[in-house]
Amino acid sequence: MSYNKKTVRDIDFSSPKRVLLRCDFNVPIENGEVTDDTRITASIPTIRYILEHGGSAVLCSHLGRPKGKVNPEFSLAPVAKVLSKLLGFDVPLATDVVGVSANALAVALKPGKAILLENLRFHAQEEANDPEFSKRLADLADVYVNDAFGAAHRAHASTAGVAAYLPAYCGLLIEKELAAIGGALTDPKRPFTAILGGSKVSDKLGVIENLVKIADNLLIGGGMAYTFIKAQGGSIGKSLLDADKLDYVAELLKNDANGKIHLPTDTVITAELKAGAATRTVPSGEIPDDEMGADIGAQTAAAYADIIANSGTVIWNGPMGVFEIEDFANGTKTVANAMAATQGFTIVGGGDSLAAVNKYGLAEKMNHNATGGGATLEFLEGKVLPGIACLLDR
Ligand code: AMP
């Protein structure tokens with residue numbers, strides 16, 4: 001899959017264009033009010049770009065899981081209210097997605113203005129990627145722009161199907177994801193270091209498999225490290241173990257002729273995963289039977305920080321320990337601080353790593369904070385993302 005896609009900046013706005021813009025407005029709503037508008041705010045630059053260039057925008061998104069049925073609980077009405085406030089003019093909400101109301105609003109749409117369609121998932125055809133539904137969506141506009149990175153790993157009508165009927169571009173959010181993560185995967189400034197942590201090897205298998213081919217260093221931490229340590233013959237006590245991945249991991253280590261894979265040399269252990277529990281640091285393969293590893297040790301954290309400081313590109317996915325409990329947060333904190341300080345290009349690959357850098361107030365010090373969740377993981381796995389693959393190549 002090429003990551004070099006045409007963007008909203010490539011659209012010729014010399015004649016007025018109606019743009020079908022797929023956004024990610026899947027926001028939390030309580031009592032009819034949006035309680036966190038981060039995703040709506042993030043979409044504003046792409047919307048403004050279109051409007052300021054004389055285009056008009058037919059905005060669409062899914063919200064929650066209404067399972068193919070109209071359900072007022074999942075209406076985008078609260079989102080229309082926030083959009084109207086942020087854009088400074090009334091953004092009318094169609095009462096349907098591809099019906100009479102949507103058509104009437106789209107036909108009457110003036111350059112510089114925007115409308116919002118109702119929740120795409122009110123129609124089962126959306127998730128089924130139904131060609132007829134895609135065509136009816138396409139009929140509302142002249143060009144298609146996808147800016148919903150978080151849904152780009154789904155082949156739905158609004159994320160992929162519609163591109164069969166309209167010239168398809170990415171918005172500014174997806175453009176940024178492609179430049180950062182696509183750039184790292186295809187032409188990273190070296191040394192390229194990937195830091196992988198979190199609870200399970202099995203959740204990250206695809207990422208490990210892809211990054212071990214591309215990266216110069218793979219720093220392993222978190223609960224997943226103990227499966228590696230056990231595969232090397234170490235004692236891991238009650239630490240997390242993916243028993244059925246032991247052979248796979250042993251093979252990975254056997255094939256690591258260049259020593260790319262780095263494992264924790266020391267580990268903070270405890271008998272109980274709770275705040276204030278007694279802890280001590282031991283060599284990683286010497287964990288007593290009744291204790292477990294809960295964080296990488298200080299020696300490992302310092303060694304990882306040193307590699308990060310000397311890297312040209314760093315991607316991080318998954319905490320180094322049970323960082324939610326302060327006693328086991330040192331490894332995660334040290335990695336976050338080292339990333340904030342390095343001259344290399346830094347990418348925080350979402351999920352708990354993003355929660356950690358936000359907690360430590362370091363998000364702004366990173367070059368890119370990936371917000372795509374499942375889409376980011378599939379991107380790092382090197383998989384084809386239907387919502388990206390369908391866009392015009394440069
Ligand atoms: P994931 O969702 O796979 O990225 O895993 C994140 C979770 O892994 C966090 O909630 C951490 O508390 C947990 N975790 C990290 N290190 C360990 C560990 N050594 N033992 C148990 N859980 C861990």
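Select from the stretch 70-117 the residues that are among the aliphatic types (A, V, I, L, M) and under 21 Å from Asp36 (Cβ atoms) and list them in ascending order. Within the stretch 70-117, Leu76, Ala77, Val79, Ala80, Val82, Leu83, Leu86, Leu87, Val91, Leu93, Leu116 meet the criteria. The set of residues from the stretch 291-311 being acidic (Asp, Glu) and under 26 Å from Glu272 (Cβ atoms) comprises Glu291, Asp295. On the given criteria, is Tyr304 hydroxyl-bearing (Ser, Thr, Tyr), away from the ligand (no atom under 11 Å from the Cβ) and either open to solvent by 30 Å² or more (accessible area, probe 1.4 Å) or not assigned by TED's automatic domain parsing to the domain that holds Ser235 (or both)? No, not satisfied.
Within the stretch 262-283, residues that are within 26 Å of Ala194 (Cβ to Cβ) and assigned by TED's automatic domain parsing to the domain that holds Ile220 reach partners that are in a loop (DSSP other than H, G, I, E, B) and of a type in the set (Asp, Glu) with beta carbons closer than 7 Å, at six or more positions or on different chains, in the pairs Ile269/Glu291. Close Cβ contacts (under 7 Å, 6 or more residues apart or on different chains) running from residues in the stretch 179-204 that are within 16 Å of the ligand (Cβ to nearest atom) to residues that are among the basic types (Lys, Arg) comprise Leu196/Lys204; Gly198/Lys204; Val201/Lys245; Ser202/Lys245.
Screening Asp295 against (1) among the acidic types (Asp, Glu); (2) assigned to a loop (DSSP other than H, G, I, E, B); (3) open to solvent by less than 30 Å² (accessible area, probe 1.4 Å) leaves a single unmet condition, (2). Scanning the stretch 343-375 for residues that are away from the ligand (no atom under 15 Å from the Cβ), open to solvent by less than 20 Å² (accessible area, probe 1.4 Å) and not in a helix (DSSP H, G or I) yields Gly344, Thr346, Ile347, Leu362, Met366, His368. Would you confirm, using the coordinates I've provided, whether Gly331 is under 23 Å from Thr227 (Cα atoms), of a type in the set (Gly, Ala, Ser), within 10 Å of the ligand (Cβ to nearest atom) and not in a helix (DSSP H, G or I)? In short, no. The single condition among (1) touching a Gly at 6+ places or on another chain (Cβ under 6 Å); (2) within 12 Å of the ligand (Cβ to nearest atom) that Ala225 does not meet is (1).
The values are calculated or read from the model by the stated rules, or taken from the named source; none is laboratory data. For clarity, every value in this text was computed on a predicted model and none was experimentally measured. Glycine gets a Cβ as well: all are built from the backbone with ideal geometry, and neighbour counts include every protein chain shown. Keep in mind that these areas ignore ligands, DNA and RNA; they rest on the heavy atoms of the full protein, side chains included. Shrake-Rupley method; radii C 1.70, N 1.55, O 1.52, S 1.80 Å.
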